[in-house]
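One structure below.
The values are calculated or read from the model by the stated rules, or taken from the named source; none is laboratory data. The model shown is predicted, which means the values in this text are computed figures rather than measured ones. Glycine also receives a Cβ, built like all others from the backbone with ideal geometry; neighbour counts cover every protein chain displayed.
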């Protein structure tokens, strides 16, 4: 959920909660005040009745009016004075009405009476409901105004942030351009923009330094390796070279070749991480598999392996060179680590590529794509699958490994073009 929506929700809910509590409190307070006023009016009637009894030594006539009733009841003992609310049925209107009643004792010529003075609460209730509905209407109006005010005002306040966020999303290290930031009077956004600007400049500087290092290292490291190979070629042609020395030279050849492959793999990883392969085109994975299978046919025949290809058209939008590396590394990994008694199966279906080869034991699923991770019987550099993982991460492809029924299964799920 966006911050603005979350803020609006919290603000409106909390405001509604507070206003509803305030409205309920206001209702009960207002009702208390009006009932108190009605009780004061009943006390006035009580005082007038006492004055009348003291003056004439008799009770006035009972009265029945729409909004007031006075009645008398003879009692053996003096009662207690009290106020209460009750429903009284009015024949004229054929309905019950909420009323307020005052009961108090009076003595006339030695006889005890309970006087009942009742006043209707209809006008009081009517006033309470008018005020209550007016308050609820004001709350609803205030909520609507608050919602739209927050919606548009907050959106305007956050506009510099969204502009900066859009610029960050469009930022590309391989094709750097200055991050566009709108001027703002909000201190926090100004500090954020300045921090992002400084960070982007440092990233560009570090990226350029790393790119220069990669380019220079690629050239400088290959040169001495080529010199070593040429010297070894000359050395191996010496007639007086003994058989023991020849074996040592062959060992050096293998070490140099392995070092060369290791350097190339590390440099390739660095280039992929730095997004130096940006050009994309439609590549058919099934066609690349057929091409690489044909190139590796002699090698597979030499180790007595057969590859079963079950290929359907699989177009993918990516850099062709990286696609070739991905396919080649998966094939080489399957051939190099396959149990020679069983075949290799390569399958494309839908948007999925699966490479299955026989194995003696499952690999560590948590580390199989880590750099320099090798099984006990592997003779590779441990970078082939790491390169495959880096390529998949760059294009947001899904890469998975499973071991089932004595077979390693590497699966890549592509984003179909």
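Computed values, structure above
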read-out	value
Test: residue in segment 13-32 that is touching a residue at least 40 places away in the same chain (Cβ under 8 Å) and touching a strand residue (DSSP E or B) at 6+ places or on another chain (Cβ under 7 Å)	no
Out of 84, 80, sole residue that is modelled with pLDDT of 85 or more and more than 21 Å from residue 126 (Cα to Cα)	80
Helices (runs of 4 or more DSSP H) contained entirely in segment 296-400, each with at least 1 residues that are closer than 19 Å to residue 277 by Cβ	320-336, 384-394
Output for segment 41-84, where each listed residue is more than 18 Å from residue 100 (Cβ to Cβ) and either exposed (fewer than 11 other Cβ atoms within 10 Å of the Cβ) or outside the structural domain of residue 115 (by TED's automatic domain parsing) (or both)	51, 54, 55, 56, 57, 58, 61, 74, 76, 77
Candidates 58, 43, 80, 84, filtered to the one that is over 30 Å from residue 140 (Cα atoms) and part of a helix (DSSP H, G or I)	43
Residue in segment 317-339 that is at pLDDT below 90, touching a strand residue (DSSP E or B) at 6+ places or on another chain (Cβ under 9 Å) and surrounded by fewer than 14 Cβ atoms within 10 Å (Cβ to Cβ) present	no
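Okay, residues lined up against (1) over 29 Å from residue 212 (Cβ atoms); (2) touching a strand residue (DSSP E or B) at 6+ places or on another chain (Cβ under 7 Å); (3) modelled with pLDDT of 75 or more; (4) assigned to a loop (DSSP other than H, G, I, E, B):
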site: 254; (1), (2), (3), (4): yes, no, yes, no
site: 262; (1), (2), (3), (4): no, no, no, no
site: 269; (1), (2), (3), (4): no, no, no, no
site: 276; (1), (2), (3), (4): no, no, no, yes
site: 279; (1), (2), (3), (4): no, no, yes, yes
site: 291; (1), (2), (3), (4): yes, no, yes, no
